[in-house]
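Peer 1: Sharing a structure here in structure tokens format.
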Amino acid sequence: MKIDLTDTTASKVNKALVQGRRAIGTPAVGMVLTLVIVTDEENAYDALKAANDASREHPSRTLVVIKRVSRSPRDRTQSRLDAEVRVGADAGTGETVVLRLYGEVADHAQSVVLPLLLPDAPVVVWWPVNAPLDPANDPLGSLAQRRVTDTYAAEQPVRELAARAETYTPGDTDLSWTRITPWRSMLAAALDQVVCEVQGVEVEGEEFNPSCELLAMWLADRLGVPVKRSLSAGPGLTAVRMATDCGPIALDRADGSLATLSIQGQPNRAVALKRRETAELIAEELRRLDPDDTYASALRFGVERLSSGPVPAVRGAEAAIAKAAQAVALAEAAVARAEETPAEAPGSTQSEQAQAGQAQSEQAQAGQAQAAGEGGSPAKGEAVDTPVEAAAKAPAKQAAASEPVKRAAAK
């Protein structure tokens, strides 16, 4: 059932809600919370559909606040509230009120929403897009116990994460954090199966996806090890690789639905890790209304502390592999030298060896004669060595004389 109200008030909207419940035969209010969705006209349909799907698990009164931009200065000075009340099958399992605010009343949306809140029930405010920098101090955010944003929809997600860390207030949360809940559960379960120390982590995912940064910050904050953030083609998160002292651990999801868990010494396992719809994310956030301290700790860790290059554990592993390869090469060279045996010159015959020996004998005799001063007197003006000097120079001259013989033998 739908009831359209034009240029109305919050009091008339409340009366329409009572009228709608009586018309469908359910005068009692059986809802557990109030969900306020602050969005624009472009994203209102998708947000409302996700909220209606989540209401099957959490029956709630959903208030959709749409601030319409006036085209002219005259329209901006005129305030108007249009409402659309939905009950029954058109509103899931709860009640839905779509509020369109025009003019100056758009700056005072809390005055319209406050009378429509369920009494004695928690309030959750969700900004699918264009979330304020400080949700807790926003006029609508101050009415809620839980404030849900989505940095994935921001133009600069990483900068948005830094702003969220500076203004964090207990009760703030982010759908980018909710998206990695299955990843965190799977990685924690994998580490519970082994007894080892994590030395470094690499988180791989598409660019401009804050869920990758949040997962990396969570791992760095909890494990106290360097974490590298690397890029891939997606979709979303694609892999987490951990270097440990007992072997690598990897959770790889290339297609966005089925992942492979690899642990050293164990067979690979296929795990379901599909990308979830917004309705599932909102339903998860509505299950708990207390502050998320784990999210706060990971958010405050800081994106700037993540590593952009190889983590020290990976660099150490690469150095160890290089040293091992060098040691193997040296061992192989030593074995090869040990197996070598001296071999005679190939192709040498007895006649060639005899000729080489005769030539060597003649060269030796010539060298000895020259060393002893035989073969004539020295030339005019040439210095004559004393016997002691001649004896000292004899070995060097003999070696020089035998050099041609060695070359002939080698040939």
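Just so it is clear, none of the values below were taken in a lab; they were calculated from the coordinates. Treat the numbers as computed from the prediction; the structure is a model and nothing was measured. Every residue, glycine among them, receives a Cβ derived from its backbone with ideal geometry; neighbour counts consider all protein chains shown.
Peer 1: So who's got an amide H within less than 5 Å of the one on Ser60, skipping anything under 5 residues away but keeping other chains? H placed 1.01 Å off N, in plane.
Peer 2: Val32, Gly94, Glu95
Peer 1: Follow-up question, since we're still on this one. If you add up the charges near Glu277, with Lys and Arg at +1 and Asp and Glu at -1, over every other residue whose beta carbon is less than 14 angstrom from its beta carbon, what do you get? List each step's numbers first, then the result.
Peer 2: Values: positive: Lys49, Arg56, Arg179, Lys274, Arg275, Arg276; negative: Asp46, Asp53, Glu57, Asp150, Glu280, Glu284, Glu285.
Net local charge, Glu277 excluded: -1.
Peer 1: Can you give me the P(r) profile for the stretch 170-288? Cα pairs, bins 10 angstrom wide beginning at 0, each as a whole percent.
Peer 2: 13, 46, 33, 8, 0
Peer 1: Which order do the peptides 31-38, 78-85 take when ranked by the mean count of other beta-carbon atoms within 10 Å per residue, highest first? Before the final figure, lay out each step's value.
Peer 2: Values: 31-38: 22.4, 78-85: 18.5.
Result, highest mean first: 31-38, 78-85.
Peer 1: Same structure again: Can you give the extra length, in nm with one decimal, that the chain gains between Glu104 and Ala165 once fully stretched, where that is 0.36 nm per residue apart less the Cα-Cα distance?
Peer 2: Values: separation 61, 0.36 × 61 = 21.96 nm, distance 3.15 nm.
Full-extension gain reported as 18.8 nm.
Peer 1: A further question follows. Shape verdict for the stretch 222-288, please, from the Cα gyration tensor: rounded (a/c under 1.5), prolate (a/b greater than b/c) or oblate.
Peer 2: On the way: a/c = 1.81, a/b = 1.59, b/c = 1.14.
Here the stretch 222-288 falls in the prolate category.
Peer 1: State to the nearest 20 debye the size of the charge dipole of the stretch 179-267 about its Cα centre, where the only charges are +1 on K and R beta carbons and -1 on D and E beta carbons. Spell out each step's value before the answer.
Peer 2: On the way: 7 positive and 11 negative charges, 25 e Å.
The dipole of the stretch 179-267 has a size of about 120 debye.
Peer 1: For the pair Glu42 and Asp4, how long in nm is the line joining their label points, each one 7 Å along Cα→Cβ?
Peer 2: Taking the two extended label points, one gets 2.5 nm.
Peer 1: Moving to a separate point now. Would the stretch 93-174 count as rounded, prolate or oblate if I go by the C-alpha gyration tensor, calling it rounded below 1.5 in a/c and otherwise prolate when a/b exceeds b/c, oblate otherwise?
Peer 2: Values: a/c = 1.90, a/b = 1.54, b/c = 1.24.
Cα axes put the stretch 93-174 in the prolate bin.
Peer 1: Tell me whether the stretch 1-42 comes out rounded, prolate or oblate; compute the Cα gyration tensor, take square roots of the eigenvalues as a ≥ b ≥ c, and use a/c under 1.5 as the rounded threshold. Could you put the intermediate results ahead of the total?
Peer 2: On the way: a/c = 2.00, a/b = 1.28, b/c = 1.55.
Since a/c reaches 1.5 but b/c is at least a/b, the shape of the stretch 1-42 is classed as oblate.
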